[in-house]
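Scroll down for the structure; my scribbles are underneath it.
What follows is calculated from the coordinates using simple rules that are stated; it is not laboratory data. As the structure is a prediction and not an experimental result, all values here were calculated from the model. No Cβ is skipped: glycine too gets one built from the backbone with ideal geometry, and neighbour counts run over all protein chains shown.
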Amino acid sequence: MPIKLLHLPLLVAAAVGFPASVAAQPADGPQAAKLHRAGNTAAAMAFWVPLAKAGDVNAAYNLAVIHDYGDGVAKNQAEALKWYRIAAERGDRVSQSRLGTMYLNGEGTAKDEKEGWRWINEHRVAHLHHDHHPQMQAWRKEAATLIWASDMREAIAASRGSADQVLAELKRRAGTAATATAGVAPQLVASAPTSRD
């Protein structure tokens, strides 16, 4: 009898809807993805829904996609819009773009061009300040240096190949000219004056 009493709080918590002992963790995301790929969308959603409600961007995006395309669930663009919004509000660029497109086309919501363009431009506007950040400038300088060094290595390799071809052609011509003038040279030497007095 004492064993049943120990389990009673867990049963009450489960019946009321509270998590029994452990809430969904971000580490559950890959497990949910495996379940979804295996065709068990309901089990995957059991992981993704609590994660998405807790603010996990990947879980919210996955829920949006499966509702948007009817992948394992009935197609429901209003539900997709809800999950895209959660991911978009947390900075997910793809979700921001898709959410904007849904507003522009009136998918799952009333058509609203202003709201659509706001979401499409959200990422660009929110991250515009990064262009002038010292770390971003340092990365750009480093990238330019790496690209320049790579281009120089390619140019040197190409010029070496070209130089080798030019030298081979010159040697071929010199060899052809030497063999062609080999018979002429002794005649020139015999007719040349030997000394001047």
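Structure data summary
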| read-out | value |
| --- | --- |
| Lysines whose Cα lies under 23 Å from that of Lys114, excluding same-chain neighbours fewer than 8 positions away | Lys82 |
| Segment 134-179: C-alpha gyration tensor shape, a/c 1.5 cut-off, then a/b vs b/c | prolate |
| For Leu104, net neighbour charge (Lys/Arg +1, Asp/Glu -1) across residues whose Cβ lies under 12 Å away | 0 |
| Potential extension, Ala138-Ala54 segment - 0.36 nm per residue separation minus Cα distance | 26.7 nm |
| Ranking of Ser162, Ser95 by count of other Cβ atoms within 10 Å, fewest first | Ser162, Ser95 |
| Least to most buried among Trp148, Trp48, Trp119 (fewest other Cβ within 10 Å first) | Trp148, Trp119, Trp48 |
| Within segment 47-72: backbone nitrogen closer than 14 Å to the Gln31 label point (7 Å, Cα to C-beta) | 47-51 |
| Relative exposure of Met102, Met136, Met45, Met152, judged by other C-beta atoms within 10 Å (fewest first) | Met152, Met136, Met45, Met102 |
| Hits among aspartates and glutamates - C-alpha to C-alpha of Lys171 under 13 Å, sequence gap 8 or more where chains match | none |
